[in-house]
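**Student:** Handing you this structure, nothing more for now.
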């Protein structure tokens with residue numbers, strides 16, 4: 001049962017990418033990667049309310065399914081349900097950063113070495129995200145397709161990028177047949193290959 005709750009929570013956190021602040025999202029994913037659902041149950045609904053992030057029916061169902069059994073406040077969970085079409089941040093994505101001189105090529109090389117031919121991993125791609133209306137603040141977003149182990153793989157890769165200097169890593173580990181929101185569709189459409197695991201190589 002706990003594993004099913006973890007997968008539901010992973011999907012929810014994917015859907016919240018680009019909406020929750022990066023500093024909160026990476027931490028929630030780190031806790032999930034360690035199986036700390038009780039910690040998420042206490043903190044995630046509060047964070048959604050604090051940042052004024054409403055959920056649609058799909059997202060609310062995932063929130064209730066994965067966190068209420070682990071102690072989430074039912075009233076807080078209920079308060080997150082809002083109408084569809086709430087205003088969401090707009091981003092643009094590009095295959096490369098605008099100033100390549102500021103990017104350490106060693107990051108891509110290390111990720112390739114860590115993930116190439118890895119079981120359960122498919123394609124590994126990277127894109128650069130910029131918030132509309134902001135000239136600065138580009139951010140690397142890593143997109144990884146995988147057939148299993150999504151929360152733990154996310155946590156593992158986050159720790160790697162933090163060691164390499166990214167304090168708020170954005171790692172999107174995508175399950176097969178994931179019904180992607182616009183955020184991920186745009187990111188993938190404007191990404192470049194970094195590596196390929198055993199699943200991708202077998203195609």
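**Student:** State, as an integer percentage, the relative contact order of the chain based on alpha-carbon contacts under 8 Å between residues 6 or more apart.
**Tutor:** Relative contact order for the chain comes out at 26 percent.
**Student:** Compute the length gained on full extension between residue 139 and residue 34: take 0.36 nm times their separation in residues and subtract their Cα-Cα distance, giving the result in nm to one decimal.
**Tutor:** Taking 0.36 nm per residue and subtracting the Cα distance, the gain is 35.3 nm.
**Student:** Could you calculate the contour length gain from residue 42 to residue 109, that is, 0.36 nm times the residue separation minus the distance between their Cα atoms, to one decimal place in nm?
**Tutor:** Additional length available on full extension: 20.4 nm.
**Student:** I'd like the FRET efficiency for residue 182 and residue 94, computed as 1/(1 + (r/R0)^6) with the beta carbon distance as r and R0 of 22 Å, rounded to 0.05.
**Tutor:** My answer for the efficiency is 0.85.
**Student:** For each of 3, 108, 78, 195, count neighbouring Cβ atoms within 10 Å of the residue's Cβ, then give the residues from fewest to most.
**Tutor:** 3, 78, 108, 195
**Student:** Right, something else. Take the Cβ-Cβ distance between residue 57 and residue 148 as r, set R0 to 22 Å, and report the resulting FRET efficiency rounded to the nearest 0.05.
**Tutor:** 0.20
**Student:** If you don't mind, there's one more thing I want to ask. Over the chain, what portion of Cα pair distances is larger than 23 Å, expressed as a whole percent?
**Tutor:** Numbers: 8946 of 20503 pairs.
Everything past 23 Å amounts to 44 percent.
**Student:** Here is a follow-up. So what is the 222 nm mean residue ellipticity for the chain from helices alone, if each DSSP H run of at least 4 adds -39500 (n - 2.57) and you divide by all residues, rounding to the nearest 500 deg cm²/dmol?
**Tutor:** Helices in the chain give a 222 nm mean residue ellipticity of -14000 deg cm²/dmol.
**Student:** Going from the alpha-carbon gyration tensor of region 2-79, what semi-axes, largest first and in whole Å, does one get by taking the root of 5 times each eigenvalue?
**Tutor:** 16, 15, 12
None of the figures in this text is laboratory data; all of them are computed from the coordinates on show. None of the values given here were measured: they were computed from a predicted structure. Every residue, glycine among them, receives a Cβ derived from its backbone with ideal geometry; neighbour counts consider all protein chains shown.
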